[in-house]
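Read through the structure below, which is laid out as structure tokens, and then see the notes.
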């Protein structure tokens, strides 16, 4: 049976033929691994995703978690699936062996986790957040904190969250009001309200380790005075024993359009005991460690949802008979599979270009983590807003196309594609909206270090620009470099950032064009339908999609300030 | 209180300052009307929409109609709202006075009905379909059929549906299998299964008048041998008395992503008594009368949903405080309303340009019905696929932006914008998908009568192209004319239609640019925020949006056949 969750053939191509992930085993960190161990983890991920995650995806959507005032109930299938997941060891897939981790390359762990995201984005959110939480603590927490809080997460006993937003402060973390008061025993007392906490309450684990951004009493306003605290749902003894409830309570669950199987909570912290991570005032810097990882995770989730939507649509388009070619004259001729109609092909080929391009970007970015160097770190830094926002936007278009390919059926809950579409809508919002990513890209990443990051990205792209498809991509590189310069020529952020979203859209499409060029470089002159498909999607993206950014770059070059200047009274 | 359903100020501008609807009262048909009667119907529509339709919109969404095997239950609020609506007489708003109609201009009736669609798209669907059904029958039905079936619809006793699709035949009506056998009493016996029947079963009316497309036994295949039948849910005596059930039964309800308050049925016809409308073999031609009206209705619904979403987003953006301008340095400065952020303005201004442009198009098209002439009929014919598809696509983007402006809150069911987004997703599918509209525009409308329709559209647009904003629109007119010629130069539909959707997108944007030019022509040099807003939105659309179609026209000019030629095996 061909899976409709993800394409293992494509993953194999991207990992082994394109990114040469096997070569990573020559690095000391991955020396215990081999193609065989990578394949074994990919195999088991596909198997568990199909058997334990996918079957309750719709139930997660139809019957949300409930809160009776005391306990939050989620479906038993969620806990059962997570138990199986935890047994794979993938919860600590990239962590050090000495902490019980598998020391897998990030790129392989990412490929494995995509199976769970594509099969059931809601259930996969619990381990996604737990992993990001554990990775932050292993980097910035003390050895005692790691033993007390991370070790149980690795063992599957605890789960983790990230608590940044508050009801009045989402995108603007400088407005965080949660406060921390130091206590004589060295801990702190945390008081405040946190919003949009995924996995914020449930009974899936012995306790929940919240990582909470708060301001120590007396600290000045702004983001630079925020500190980070571990605030467990229950008190946890130093040996890891779980005790009484801490001062953390659930104020209510949020009810969303999609992603409905993940509890999403308003949490109230009332004199809750918290433990400072690292130093006071460095909370946001630490949190960015988690947030950058979470942003790749969000991009990966968007790719996963788009990818599974595409596979469902492709399957449907091959099975569903309807209509005849436009040049056909005989109404009695048998109907053809709808994949024969050009507009259905357009939607499918565009979707393929989006999801396989997006998947390539996610894996490329993940592999940069496996070969750390000043250059790779810089490249990842520039790419992160694109890794987060581009799939959230374009792989969602693949979900939109998947509905359209299914026609009226796609709009019903009898088919899964409408859920994928609703689920994927969140990815443009959480972990920093698309608009925030645009400001990050043009306002910070494109200009940091004198523009070194952007220059590195463009030179990396230029190196892939060969062949007839390379020329238009090369031309866009030059245009992006010159537009960036034009925008920032007088250093006025109001002018430069007035159309930041157009910049993100343009650079995003350039990056994906490059990912496609690079993929077909790996294809070379190999023969067969799979490779022909890669060539076709690359050609489609570069000839049908990439030109769309011309008008965006024209707009940027004009330094148009219509949006910055307008009087809001005019809006209506 | 300013309404968040629609803007009466904008409707007044469009109807009276732009389209000069008052002048219609000089026509004999509308001589009994005046600005005062128009205003009275607009007032009452706004009032009833706010009071009787909007309040149960969310309940319609959360608690779908149920079927216990015998009866379909919808919420009592639906029936109560429809009762109030029926008392306005708007159900027969455009119909002849001798049939009990109000003889309102179509453009005024359309403006009135938009209030109900924006307030509650699901509840408004019942009268929408009933009206389209009644209009078809008053045109093609016999006097006896009108008395027996239409009169009770006008009185609010019956409702109507259209039954075209079947489980195996949606877009492709030539595959309709429902068959009709003539009976000695002059009626027919109808047998088959019909799919996606909105309002297909319920207890809101004494009976339901189904208009059913079927093939008379022995007729050849293809669409030209389809006939149209009246098939009531119950037998109806000639005096309109409702009797026993006819052979029509509910096989099941469809469960959709949105639009959940409208029952949507699979109907089974089993030797049901039906009455031929007009002549055998002309069913599809008659049905197109209803379908063209329904397509304007779908476009109007898409505008209505986008418009109300925009108003909600604008209101939120003015109230919600968050963040500071990008040039601000002081983190202790108070947060600003998010409408101050350029990216939020971009989403709002784009939405305004989409929904007010879309509304203009809907009203312009409706007014063409009020001044019938060979020229106006032709123009409406060319415009119909755009009227249907453009708002379905772009006013849905306004709904997407409305979620994004609300941030995380917009993704929750605590705010209405997520429902608008889900509801609006259907409009690109029903009454002919966007892809079907594209084939209709480029394959039929652009070439019919030697291209006279397109030539008329372009000359009408050119006449509005004055001022600095007129020049780019004029240039696009020339490009569209030349691209159309290039596409059809050898008459090969496979090549011409390979990128039909890009053509629809391009011409759609051109049409909306023209609608904006025409609106600001009516604005002239009037002063005040409202008129400044119109100028701003026009400028935004023509400078930020219209250029997007350049690459589409380039693609069309290249006669690219990537999509027509591809081997589906390459797709994955």
*Somewhere in segment B:67-76, is a residue touching a helix residue (DSSP H, G or I) at 6+ places or on another chain (Cβ under 6 Å) and assigned to a helix (DSSP H, G or I)?*
no
_Residues (on the phi < 0 side of the Ramachandran plot and in contact (Cβ under 8 Å) with a residue 40 or more places away in the chain) located in segment B:551-561_ = B:552, B:553, B:555, B:556, B:557, B:560, B:561
*Only one of these conditions is not met by residue B:431: (1) surrounded by 22 or more Cβ atoms within 10 Å (Cβ to Cβ); (2) assigned to a helix (DSSP H, G or I). Which number is it?*
(2)
*Name the residues in segment B:553-567 that are assigned to a helix (DSSP H, G or I) and crowded, with 18+ Cβ neighbours inside 10 Å, would you?*
B:553, B:555, B:556, B:562, B:563, B:564
*Can you tell me which residue within segment A:211-229, out of those that are within 14 Å of chain B (Cβ to nearest Cβ) and part of a strand (DSSP E or B), is nearest to residue A:183 (Cα to Cα)?*
A:215
_Of the conditions (1) more than 9 Å from every other protein chain (Cβ to nearest Cβ); (2) farther than 26 Å from residue B:397 by Cα; (3) in contact (Cβ under 8 Å) with a residue 60 or more places away in the chain; (4) in contact with a helix residue (DSSP H, G or I) (Cβ under 6 Å, 6 or more places away or on another chain), residue A:375 satisfies every one except a single condition; which number is it?_
(4)
*Just checking, which of B:287, B:291, B:347 is facing chain A (nearest Cβ under 10 Å) and either farther than 19 Å from residue B:109 by Cα or in a helix (DSSP H, G or I) (or both)?*
B:347
_So if I check each of A:94, A:25, which one is in contact with a helix residue (DSSP H, G or I) (Cβ under 6 Å, 6 or more places away or on another chain) and either at positive phi or modelled with pLDDT of 95 or more (or both)?_
A:94
*Going by the conditions given, is residue A:269 away from chain B (no Cβ under 14 Å) and assigned to a strand (DSSP E or B)?*
yes
_When the residues of segment A:1-22 are narrowed to those that are in contact with a helix residue (DSSP H, G or I) (Cβ under 7 Å, 6 or more places away or on another chain) and free of Cβ contacts under 8 Å to residues at least 40 places away in the same chain, which ends up farthest from the other protein chains (Cβ to nearest Cβ)?_
A:22
*Could you check, for segment B:319-331, whether at least one of its residues is surrounded by 17 or more Cβ atoms within 10 Å (Cβ to Cβ), on the phi < 0 side of the Ramachandran plot and part of a strand (DSSP E or B)?*
no
*Which is at pLDDT 95 or above, more than 12 Å from residue B:383 (Cα to Cα) and surrounded by 22 or more Cβ atoms within 10 Å (Cβ to Cβ), of B:421, B:415?*
B:421
*One residue from A:134, A:119, A:111 being in contact with a helix residue (DSSP H, G or I) (Cβ under 8 Å, 6 or more places away or on another chain) and either surrounded by fewer than 24 Cβ atoms within 10 Å (Cβ to Cβ) or closer than 29 Å to residue B:410 by Cα (or both)*: A:119
*If you check residue A:89 against the conditions, is it at positive phi and under 22 Å from the mean Cα position of the chain (by Cα)?*
yes
*Any residue at all in segment B:175-182 that is surrounded by fewer than 24 Cβ atoms within 10 Å (Cβ to Cβ) and part of a helix (DSSP H, G or I)?*
yes
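A quick yes/no check of all residues on (1) touching a residue at least 12 places away in the same chain (Cβ under 8 Å); (2) crowded, with 18+ Cβ neighbours inside 10 Å; (3) on the phi > 0 side of the Ramachandran plot:
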{"site": "A:477", "(1), (2), (3)": "yes, yes, no"}
{"site": "A:485", "(1), (2), (3)": "no, no, no"}
{"site": "A:493", "(1), (2), (3)": "yes, yes, no"}
{"site": "A:498", "(1), (2), (3)": "yes, yes, no"}
{"site": "A:505", "(1), (2), (3)": "yes, yes, no"}
{"site": "A:509", "(1), (2), (3)": "yes, yes, no"}
{"site": "A:513", "(1), (2), (3)": "yes, yes, no"}
{"site": "A:526", "(1), (2), (3)": "no, no, no"}
{"site": "A:531", "(1), (2), (3)": "no, yes, no"}
*asked:* For segment B:192-210: of the residues being closer than 22 Å to residue B:78 by Cβ and within 14 Å of chain A (Cβ to nearest Cβ), which is farthest from the chain's Cα centre (by Cα)?
replied: B:200
*Name the single residue, out of those in segment A:332-344 being facing chain B (nearest Cβ under 7 Å) and assigned to a helix (DSSP H, G or I), that is nearest to residue B:569 (Cα to Cα).*
A:339
*Name every residue in segment B:184-202 that is farther than 15 Å from residue B:246 by Cα and surrounded by fewer than 19 Cβ atoms within 10 Å (Cβ to Cβ), in order of residue number.*
B:184, B:185, B:186
_The lone exception for residue B:548 - which of (1) surrounded by fewer than 19 Cβ atoms within 10 Å (Cβ to Cβ); (2) more than 9 Å from every other protein chain (Cβ to nearest Cβ); (3) part of a helix (DSSP H, G or I); (4) touching a residue at least 12 places away in the same chain (Cβ under 8 Å) it fails_ = (2)
*Of all residues in segment B:293-318, which are surrounded by fewer than 20 Cβ atoms within 10 Å (Cβ to Cβ) and touching a helix residue (DSSP H, G or I) at 6+ places or on another chain (Cβ under 6 Å)?*
B:318
*Listing of helices (runs of 4 or more DSSP H) fully contained in segment B:434-542 that carry 2 or more residues being more than 11 Å from chain A (Cβ to nearest Cβ)*: B:448-462, B:467-487, B:500-523
*Quick check: anything in segment A:406-418 within 10 Å of chain B (Cβ to nearest Cβ) and on the phi > 0 side of the Ramachandran plot?*
yes
*Mind listing whichever residues of segment B:8-20 are within 12 Å of residue B:367 (Cβ to Cβ) and either in a loop (DSSP other than H, G, I, E, B) or under 21 Å from the mean Cα position of the chain (by Cα) (or both)?*
B:14, B:15, B:19, B:20
*Please state which of the following conditions residue B:144 fails to meet, knowing it meets all the rest: (1) in contact with a helix residue (DSSP H, G or I) (Cβ under 8 Å, 6 or more places away or on another chain); (2) surrounded by fewer than 23 Cβ atoms within 10 Å (Cβ to Cβ); (3) part of a helix (DSSP H, G or I).*
(1)
*Looking only at segment B:154-164, which residues are buried (at least 21 other Cβ atoms within 10 Å of the Cβ) and either part of a loop (DSSP other than H, G, I, E, B) or out of contact with any strand residue (DSSP E or B) (no Cβ under 6 Å at 6 or more places or on another chain) (or both)?*
B:154, B:164
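The values are calculated or read from the model by the stated rules, or taken from the named source; none is laboratory data. For clarity, every value in this text was computed on a predicted model and none was experimentally measured. Cβ coordinates were reconstructed from backbone atoms using ideal geometry, including for glycine residues, and neighbour counts include every protein chain displayed.
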